[in-house]
Amino acid sequence: MSGGGDITPIPVIVNTSSDGEPVEHVIDGDGDRDGGEDGGSKKSNSTSGEQPPHHFRRKSNIYVDAIHVKPDGVMAPAQLYSTESGRLFHAGKIAIVTVGLPARGKTHLAVAITRYLRWLGVKTCAFHLGDYRRAFLGPGKDVPDDYFFVNASPASVLLRQSILQSCREDLYRFLEEEKGQVAIYDAVNPTAAGRRQLAKEFAKREILTIFIESKCDDEKIIEENVRKVKISHPDYAGWKAEDAVKAYLERVRAKIPHFETMNEPELNYIKMINAGETIVVNNCRIGYLPNRMVFYLMNLHIKAHHTYFARAGACPNGENSYKTDSGLSVEGESYAQRLTEALLRHREHERKSFIAQGGEPASVKPLTVWTSTRRRTVETAGYLAKKGYKVRQRPQMSQLNPGDLDKHSEEEIAKLYPQEALKHQRDPYHHRYPRAESYHDLAVRLEPIILELERERNDLLIVAHESVLRVLYGYLMACSTHDIPFLNFTRNEIIEIIPASYNNHLKRIPIPNTDADGCFVPGLNCERVEY
């Protein structure tokens, strides 16, 4: 792995260096395979040269949220089993149809459900009708003025039908030819008659339909959603923030007279009112998977919040054992202070920028901090706690348990457990060493944390061990199980995940005067600070 804070997957796992000599990696008390927690150097375990077939995997871009990339065919991070049909939980084909006016969070719901179901191993794909509209018209072209009106001109109706047909064909292809299980049809779907007709059409193809309406009459929530999320929409690329907000709200007002909220008793639907304040469920007790989706939606809301990831500080040399649960070293205490200063400086800069763009100061979200119950994570967040920030300890966020391999090097592991070491090479995500946890075990353990993360309304800082950050980052950025074990989080930066219309974005916040191991180096990393 390279320094400088790259979050990069390693292409192969081998036990030799480029010159054929063994490369020693210590599995420390926190389950790391990439070096100790005492601030020592980390050696790369990637090599050049040809590798056996089981080492090959696709090259992926883990900087970009892959939620709109079709699954790569491997088991998902929290998937418990696989089937020949590719469908799980004894469920057939399901179509989730979003309902709601613009700026009510439909696309957010569609993407969030896609993210969660894929995490569980359910083959899911979202089909956004707006994407098809932009692709059909081509770059730089706009729809007719009456395109979004229910009583549109014949030419606009024909255009809408052509775009709709293209989207539906892809949806059917995914469910029927590509063995997909859940297809999410993201569109306004404004009328009861249209929704009934859609359910009948899907039923002819043996597709179960579940409608999800996002209803909102709180103007503050709507404007906040537009300002924070919708103006990042492709329709408004290159627009000024104020102009984009005004145009989007005008578009909403044009649709309001033609929208009918869901009250069809014969249809399966879930209605979320005012960002999840009230949830109405109608006829959705139809199997395990729909019930699982209802449970997830009860933990979800459409108010976007930022999530920050930061490594815990280092512990004293020789005390980085899983069983010891050491506190911070002197260098670790210094790192924790610089981390706090860098984060608060960044948030103040973002607050001023938000207000300068017309945002209300009251809309700026407060910061909540989560740590595990391990001493190093709690002490790393100590400076924030002293400043009055709420810090919550989460026992599920303890690092991956190394079991019998605590503090053993890879060379020692190869001698003690040669067959286990070979299995781990072939599948580092699912394999577990004796009395240890695998990354898959960790992902299953963290599911309550994922639901809490979706329920959180404040901005959130997660201070944890690298193994925990890898899994949670993998969820938010839809990473493959090939990539998760090798994501590298260094101590010279904070990773910020920012929600947008269609996917999450990544931003790096540098920690000045800090190297990749969290050591104080005057002048280092300062040129990356933009304010």
Legend entry - Coarse-grained scattering of region 94-245 at q = 0.09, 0.17, 0.19 Å⁻¹, given as base-10 log I(q)/I(0) from a Debye sum over alpha-carbon atoms: -0.31, -1.14, -1.38
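Of all accessible surface on region 85-151 at a 1.4 Å probe, what whole percent is carbon and sulfur?
Exposed carbon and sulfur together represent 57 percent of the surface.
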Legend entry - With all protein chains modelled, accessible area of Phe295 [1.4 Å, Å²]: 100 Å²
Inset, instruction - Please state, to two decimals, what the Cα-based radius of gyration of region 380-531 comes to when divided by 2.2 N^0.38 Å (N = residues). - result: 1.19
Legend entry - Whole-number accessible area per residue in Å² for region 237-358, which is evaluated in the context of all protein chains at 1.4 Å: 48 Å²
Inset, instruction - Go through 418-427, 348-357 and give me the packing order, highest mean Cβ count within 10 Å leading. - result: 418-427, 348-357
Legend entry - Rounded FRET efficiency, nearest 0.05, which uses the C-beta distance separating Ser82 from Gln161 and R0 of 51 Å: 0.85
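Relative to the compact-globule scaling 2.2 N^0.38 Å, provide the ratio for the alpha-carbon radius of gyration of region 453-531. Each step should come with its number before you reach the end.
Working: Rg = 14.1 Å, N = 79, 2.2 N^0.38 = 11.6 Å.
Taking the Cα Rg and dividing by 2.2 N^0.38 Å, one obtains 1.22.
Quick one: with all protein chains in place, what share of the accessible area of region 359-419 is carbon or sulfur, to the nearest percent (1.4 Å probe)? Please report the intermediate quantities before stating the final value.
Working: 1480 of 3040 Å².
In region 359-419, the share of accessible area belonging to carbon and sulfur is 49 percent.
Quick one: which of 268-274, 107-113 comes out on top by average Cβ neighbours within 10 Å, and what's the full order, highest first? Could the numbers behind the result be given before it?
On the way: 268-274: 20.4, 107-113: 24.0.
Sorting 268-274, 107-113 by mean packing, highest first, produces 107-113, 268-274.
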Inset, instruction - Within region 378-422, which residues have the backbone N less than 12 Å from the label spot 7 Å out from Glu452 along Cα→beta-carbon, could you tell me? - result: 391-398
Legend entry - Ordering of 482-490, 217-225 by packing [mean C-beta count within 10 Å, highest first]: 482-490, 217-225
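What does the accessible area per residue of region 57-154 come to in Å², with a 1.4 Å probe and no ligands, DNA or RNA counted? All intermediate terms of the calculation are to be shown ahead of the outcome.
Numbers: 4430 Å² over 98 residues.
So region 57-154 comes to 45 Å² accessible per residue, rounded to a whole number.
Test of understanding: what is the full-extension gain from Asp146 to Ala356, defined as 0.36 nm times their sequence separation minus their Cα-Cα distance? Walk me through the numbers on the way to the answer.
Values: separation 210, 0.36 × 210 = 75.60 nm, distance 3.38 nm.
Net length gain for the segment: 72.2 nm.
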Legend entry - Calculated FRET efficiency for the pair Val69/Arg345, C-beta based, R₀ 41 Å, to 0.05: 0.75
Inset, instruction - Grab the beta carbon distance between Arg205 and Lys246, set R0 = 41 Å, and tell me the FRET efficiency rounded to 0.05. - result: 0.50
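The values are calculated or read from the model by the stated rules, or taken from the named source; none is laboratory data. All values reported here derive from a predicted model rather than from experimental measurement. All Cβ positions, glycine included, derive from the backbone under ideal geometry; neighbour counts span all protein chains shown. The protein model used for the area step is the full one, side chains on, heavy atoms only, and it has no ligands, DNA or RNA in it. Shrake-Rupley method; radii C 1.70, N 1.55, O 1.52, S 1.80 Å.
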